[in-house]
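A.B. asks: Structure in structure tokens, see below.
Nothing in this text is a laboratory measurement; each read-out follows from the coordinates by a stated rule. Only a predicted model underlies this, so the values are computations on that prediction, with no experimental measurement involved. Don't worry about glycine lacking a Cβ; one is built from the backbone with ideal geometry, like all the others, and counts go over all protein chains shown.
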Amino acid sequence: MWGYRHVILIVLWLVYIINYFDRISVLTFLPLIRADLDLSHEQIGFAASIFFFAYAVAQVSAGYLADKIGSKRVMYLAIVVFTAVTFVTGLVRNYTQFILLRLGLGLGEGHHFSPANKTISDWFPKSEKGRATAFFSTTWAFAPAIIPVLITYIAAAMGGSWREIFFVLAIPGLVGIAILWYFVSDKPEEMLAKGRLSQEEYDYIKSGLVTADEDNVKKLGIGVIIKDPSLWLYSLQLFCLLAIYWGSTSWISSFLFEQHGFSLKTMGLLASLPYAVAIISTMLGGTLMDKVFHRTKPVALISFLAAIPILIYMGQIPKGSTNLLILMLILNGFFVNMVWGVIYAYPQMRYPKEVIGSAVGLTNGLGQLGAFISPLAAGYLVHKTAAGISYDNVFLMFAGFAAVAALVTFFLKEEPFVIKEDDGNKQEASASL
């Protein structure tokens, strides 16, 4: 049944695409930035990783602020900061400036995800969380699929310069601020009062939310869930997935440009392939969760186990084997990205909505440390052979992360978490549907 909750979801999707335009543009042009600023592979690896360190730190404060002052306000802050930093990136002249801007971009964009995820949690019942979260998750498939192609063609039309792109990207940021202000609210109650949300849809949404005794949850705060072992197992699972995704996303352009020797335009086209396929597989994963398995673990296991051999072989494909490379890029994009909607629906299904911002902020903050470590480690694993530069050890590392994620998945608990307060009165509040 179509409703205003889907309008909210589409706006969140569009605004997050704008977020991705900024970060993917930097990663796409890393080979050119490295040459322009005369940087080493190790320096580029650190520059790619330091963004995720700042991003990880920002997750915790973003989730807390979303619970305390509202998701919409925090997303406003995020968009203003990352739009300004992106514009200034076109002016960077040395390594120190580049690192400072990467930190600024990470802090800005890091305050965007948790509030967006909390908004989805507040607007969609359990029976739709897999598909809603999967649709939102296609942003990190759709954006990398179109952005490298679009910006490399624009850059080529501008004479091969990468700097002007970042000036242009300030415009979508302003558009994002406008549509967020007009269409989105933190709670369904606000749109019900404005007449944009029907009473029928409001009742449908509220009947399917994971909730608990609100006064008890507010009193205990994040303490209600930090003793849950599955919270930490889930954080490790997310750590591994983000290490694979952002490690490969950070280096895919350099892998194609250096190991396989493709031109700028061809590199941009091939770099987008895994993400074009991911749009389909991400929605498939969410649908399988909602309609077939009604659980997160089966889809996660399919994703991680299938990714292991694909990642192992990716870095060993001989130069000149373009058709084989294309096939592996497609398979990699399909299986690695199948799990996105499922993995980010997990906290929404397990924890009450009153603390979901803090839960997502904490777990995503810990998970983003994988995105910090992976590109940095990859910079040291790139090595020279008689045939040229090789990334085989880099993809072996990604396969190892997939194996750990598959193992951790077996031990996750999926039923709603029961909240207990041991204050002498032995009060108990159960997360329920």
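A.B. asks: How big is the stretch 90-183 along each principal axis, measuring the range of its Cα positions in Å and listing the largest first?
C.D. replies: Largest first, the stretch 90-183 extends 50, 28, 24 Å along its Cα principal axes.
A.B. asks: Among 368, 100, 65, flag the residue with its Cα farthest along the positive direction of the charge dipole of the chain, charges on Cβ as +1 for Lys/Arg and -1 for Asp/Glu.
C.D. replies: 100
A.B. asks: Given a cut-off of 24 Å, name the pairs among 72/227; 206/291; 72/129; 72/291 whose C-alpha atoms lie farther apart than that in the structure shown. The partial results should precede the final answer.
C.D. replies: Working: 72/227 29 Å; 206/291 21 Å; 72/129 20 Å; 72/291 31 Å.
Flagged as over cut-off: 72/227; 72/291.
A.B. asks: Mean residue ellipticity at 222 nm from the helices of the chain, using -39,500 (n - 2.57) per DSSP H segment of n ≥ 4 over the full residue count, to the nearest 500 deg cm²/dmol?
C.D. replies: Details: 20 runs with 317 residues, N = 433.
Value at 222 nm, helices only: -24000 deg cm²/dmol.
A.B. asks: Further question on the same structure: In the stretch 50-202, if the dipole is taken from +1 on Lys/Arg beta carbons and -1 on Asp/Glu beta carbons about the Cα centre, which of 83, 125, 184 is farthest to the positive end?
C.D. replies: So the residue we want is 83.
A.B. asks: Let me ask something additional. Rounded to whole Å, give me the distance from the Cα center of the stretch 89-108 to that of the stretch 126-148.
C.D. replies: Each part's Cα centre sits 27 Å from the other's.
A.B. asks: Provide, in order from the shortest bin, the percent of all Cα-Cα pairs of the stretch 208-362 in each 5 Å bin, continuing until the bin that contains the maximum pair distance.
C.D. replies: All Cα pairs, binned at 5 Å, distribute as 1, 9, 16, 18, 15, 12, 10, 8, 5, 3, 2, 1, 0 percent.
A.B. asks: Counting Lys and Arg as +1 and Asp and Glu as -1, each charge on the Cβ, what is the dipole of the chain about the Cα centre in debye, to the nearest 20?
C.D. replies: Here the chain has a charge dipole of around 440 debye.
A.B. asks: For the stretch 311-424, count the residues as N, evaluate 2.2 N^0.38 Å, and divide the Cα radius of gyration by that value, please. Let's see the in-between values first.
C.D. replies: Details: Rg = 19.2 Å, N = 114, 2.2 N^0.38 = 13.3 Å.
So the stretch 311-424 has a normalised radius of gyration of 1.44.
A.B. asks: Only one of the values (i) 148; (ii) 129; (iii) 165 was calculated from this structure for volume of the Cα convex hull per residue in Å³; name its label.
C.D. replies: (ii)
A.B. asks: Could you give the alpha-carbon Rg of the stretch 246-291 over 2.2 N^0.38 Å, rounded to two decimals?
C.D. replies: Ratio of Rg to 2.2 N^0.38 Å for the stretch 246-291: 1.48.
A.B. asks: Counting other C-beta atoms within 10 Å, and keeping those with at most 14, which DSSP coil trypsin sites (Lys or Arg not before Pro) do you find in the stretch 1-98?
C.D. replies: Numbers: sites: 5, 23, 34, 68, 72, 73, 93; in loops: 93.
Loop-located and lightly packed - 93.
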